[in-house]
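Here the structure is laid out as structure tokens; the discussion comes afterwards.
The values are calculated or read from the model by the stated rules, or taken from the named source; none is laboratory data. Computed from a predicted model, the values in this text were never measured in an experiment. Here the Cβ is made from the backbone with ideal geometry for all residues, glycine too, and neighbour counts use every protein chain on show. Quick note on the areas: whole protein, heavy atoms, side chains included, nothing else; ligands and nucleic acids left out. Shrake-Rupley method; radii C 1.70, N 1.55, O 1.52, S 1.80 Å.
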Amino acid sequence: MEWIKNQELKFLNKRKLNVSSEREKAVREIIANVKKSGDAALREYTIKFDNVILEDFKVTKEEIDSAYHQAPKGIVDIIKEAAANIKAFHEKQKPESWLEVQPDGSILGQRVTPLDAVGVYVPGGTAAYPSSVLMGAIPALAAGVEKVVIVSPPQENGTIADGVLIAANEIGLTDIYKVGGAQAIAALAYGTETMPKVDKIVGPGNQYVALAKREVFGTVDIDSLAGPSEIVVLADDSAEPNWIAADLLSQAEHDPMSMAVLVTPSEALGKAVESEMSNLLSMLPRKEIAERSIKDFGKIILVEHLEDGAEIVNQLAPEHLEIMVEQKAEERILKAIKHAGAIFIGSYSTEPVGDYFAGPNHIIPTNGTAKFGSPLSVESFIKRSSMIRYSREALIENAAKIAGFARYEGLEAHARAIEARLKR
Ligand SMILES: NC(=O)c1ccc[n+]([C@@H]2O[C@H](COP(=O)([O-])OP(=O)(O)OC[C@H]3O[C@@H](n4cnc5c(N)ncnc54)[C@H](O)[C@@H]3O)[C@@H](O)[C@H]2O)c1
Ligand SMILES: N[C@H](CO)Cc1c[nH]c[nH+]1
Ligand SMILES: [Zn+2]
């Protein structure tokens, strides 16, 4: 891991979505072809990018049954329990509609309604993510969305990874399509002969997926452009180096562009984490990915005080932050943290607890966007309508002011719409 000082956060620039114009052009072409030729274009791209020949894209009941037959013992129960925790957490986020009668008899309020149809992209290129099915779809279901569609690339055997099918089935979803990449995003945005058009597309994916989401934004809504995973650990001497090393690697193993940063006032802790990390790395099946991520984006930032560390965290605005400091400093440091997508407090709150099981969402802003963004939530799947019932008395009382404002903007018809009501 590279040791750096706070003023050297320039390495962040290397992680920005660095897109070649050829890649953008390729994604635009895929979208245009899917829009024009529908399923035929999906078939062509599925052969080209996933090496699979498919006639139909919708997953059948037989494919789901087969996924259950292959499932390792106990995994279905684990998925069920994780789903229940995630559901319980997101149910608490549901906003209420409200109506308020004003003193003049008017009624003002806000009605909350769910989106009609959403698509959840579940990555499936280099690894399959059943947990991302739960995280993408459960908040939509909690919001009351009627149609939740899952898309994920087919594997070599021509179907979607077993775990993804099991997770979807466990939460009652059957609209599952074996399509990935930019072509899946285009199909959800415009619809094809067999795939439904949706109103919003959520979920993480590689650069082709992110670029396609950016391209169709406006035709549909999107959640965010999730980039590679990130973890920052803010720790002092009281923390266990072996645990920190494992937590950093937990995100480094996702992607060569993942970021894993330790911020600490303790040089001794930094050195101990470094040596633990090389031991752990050798045991990982995804060692090459983790090694590349640590080489380019694994950093130890030495600070004078924990408060300086909190300031660095705010600049990084990481997807995940772990705080492992002595008890008496915890509250003080927590107060100093302003920007982080998910905050894990204390030594037992290791990041994978949040990835899989605790309940909060694991689709979280990356690349500094936690400065203005939030994790996926029920809020992501609802919209609000303002409700206005003005009484006759209220209109009479305010007519001159409203008409006056309208004429000030040069909008005579607006003023007359108000004044027409005064004649009766
Ligand atoms: N933030 C999160 O919550 C979270 C969760 C899980 C995964 N992820 C991230 O999602 C990403 C998943 O990426 P992935 O590649 O494994 O799976 P993916 O499903 O996003 O992408 C695979 C698809 O990319 C398309 N593709 C591949 N090469 C192409 C090319 N040359 N031209 C056009 N299209 C091409 C293919 O259609 C393929 O089906 C990783 O970066 C991972 O870290 C993030
Ligand atoms: N840590 C990832 C988000 O950055 C989510 C994930 C899925 N599976 C394991 N982890
Ligand atoms: Zn993870």
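Here are the numbers for this structure:
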read-out	value
Given (1) surrounded by 24 or more Cβ atoms within 10 Å (Cβ to Cβ); (2) of a type in the set (G, A, S); (3) within 16 Å of ligand 3 (Cβ to nearest atom); (4) not in a helix (DSSP H, G or I), number of the condition A127 does not satisfy	(1)
Selection within region 44-58 - open to solvent by less than 80 Å² (accessible area, probe 1.4 Å), over 28 Å from the mean Cα position of the chain (by Cα) and of a type in the set (D, E, K, R)	none
Of residues in region 338-355 being outside any loop (DSSP other than H, G, I, E, B) and open to solvent by 40 Å² or more (accessible area, probe 1.4 Å), the one farthest from ligand 2 (Cβ to nearest atom)	I345
Where A167 falls short, out of the listed (1) open to solvent by 20 Å² or more (accessible area, probe 1.4 Å); (2) within 16 Å of ligand 3 (Cβ to nearest atom)	(1)
Residue within region 186-199 that is within 16 Å of ligand 3 (Cβ to nearest atom) and either assigned by TED's automatic domain parsing to the domain that holds P123 or open to solvent by less than 40 Å² (accessible area, probe 1.4 Å) (or both) present	no
Selection from region 277-305 of residues that are farther than 21 Å from L12 by Cβ, of a type in the set (D, E, K, R) and in contact with an Asp or Glu (Cβ under 9 Å, 6 or more places away or on another chain)	R286, K287
Matching residues in region 369-394 - criterion: being more than 14 Å from ligand 2 (Cβ to nearest atom), open to solvent by less than 80 Å² (accessible area, probe 1.4 Å) and modelled with pLDDT of 95 or more	S377, V378, S380, F381, I382, S385, M387
Residue list for region 218-257, filter: in contact with a Gly (Cβ under 7 Å, 6 or more places away or on another chain) and of a type in the set (S, T, N, Q)	S224
Residue that is modelled with the lowest pLDDT [pool: residues in region 59-83 that are surrounded by 15 or more Cβ atoms within 10 Å (Cβ to Cβ) and not in a helix (DSSP H, G or I)]	A71
Hits in region 301-320 - residues which are over 17 Å from I4 (Cβ atoms) and within 16 Å of ligand 3 (Cβ to nearest atom)	E319, H320
Selection within region 227-250 - modelled with pLDDT under 95 and either away from ligand 3 (no atom under 16 Å from the Cβ) or farther than 16 Å from D355 by Cα (or both)	none
Total residues in region 213-260, condition part of a helix (DSSP H, G or I) and either more than 10 Å from ligand 1 (Cβ to nearest atom) or touching a His at 6+ places or on another chain (Cβ under 6 Å) (or both)	15
Which numbered condition P196 misses (of (1) in contact with a helix residue (DSSP H, G or I) (Cβ under 7 Å, 6 or more places away or on another chain); (2) assigned to a loop (DSSP other than H, G, I, E, B))	(1)
Residue list for region 273-311, filter: farther than 23 Å from H254 by Cα and either without any contact (Cβ under 8 Å) to a residue 60 or more places away in the chain or crowded, with 18+ Cβ neighbours inside 10 Å (or both)	L302, V303, E304, H305, L306, E307, G309, A310
Region 251-264: number of residues that are at pLDDT 95 or above and out of contact with any strand residue (DSSP E or B) (no Cβ under 7 Å at 6 or more places or on another chain)	1
Tally, over region 179-193, of residues that are of a type outside the set (F, W, Y) and more than 21 Å from the chain's Cα centre (by Cα)	3
Pairs where the first residue, in region 407-420, is of a type in the set (K, R) and the second is open to solvent by 70 Å² or more (accessible area, probe 1.4 Å) and in a helix (DSSP H, G or I), C-beta under 9 Å, 6+ apart	R407/H414
Test: residue in region 67-80 that is more than 27 Å from F381 (Cα to Cα), charged (D, E, K, R) and under 29 Å from the mean Cα position of the chain (by Cα)	yes
Complete set of residues in region 216-238 that are more than 24 Å from Y129 (Cα to Cα), open to solvent by 10 Å² or more (accessible area, probe 1.4 Å) and in contact (Cβ under 8 Å) with a residue 24 or more places away in the chain	T219, D236, D237, S238
Some residue of region 22-34 being of a type in the set (K, R), in a helix (DSSP H, G or I), open to solvent by less than 30 Å² (accessible area, probe 1.4 Å) and at pLDDT below 95	no
All positions within region 276-325 that are polar (S, T, N, Q) and more than 16 Å from ligand 1 (Cβ to nearest atom)	S278, N279, S282, N314, Q315
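For every residue, the table says whether it meets (1) touching a residue at least 24 places away in the same chain (Cβ under 8 Å); (2) open to solvent by 10 Å² or more (accessible area, probe 1.4 Å); (3) within 30 Å of K178 (Cβ to Cβ).
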site	(1), (2), (3)
I107	yes, yes, no
L115	yes, yes, yes
G136	yes, no, yes
A140	yes, no, yes
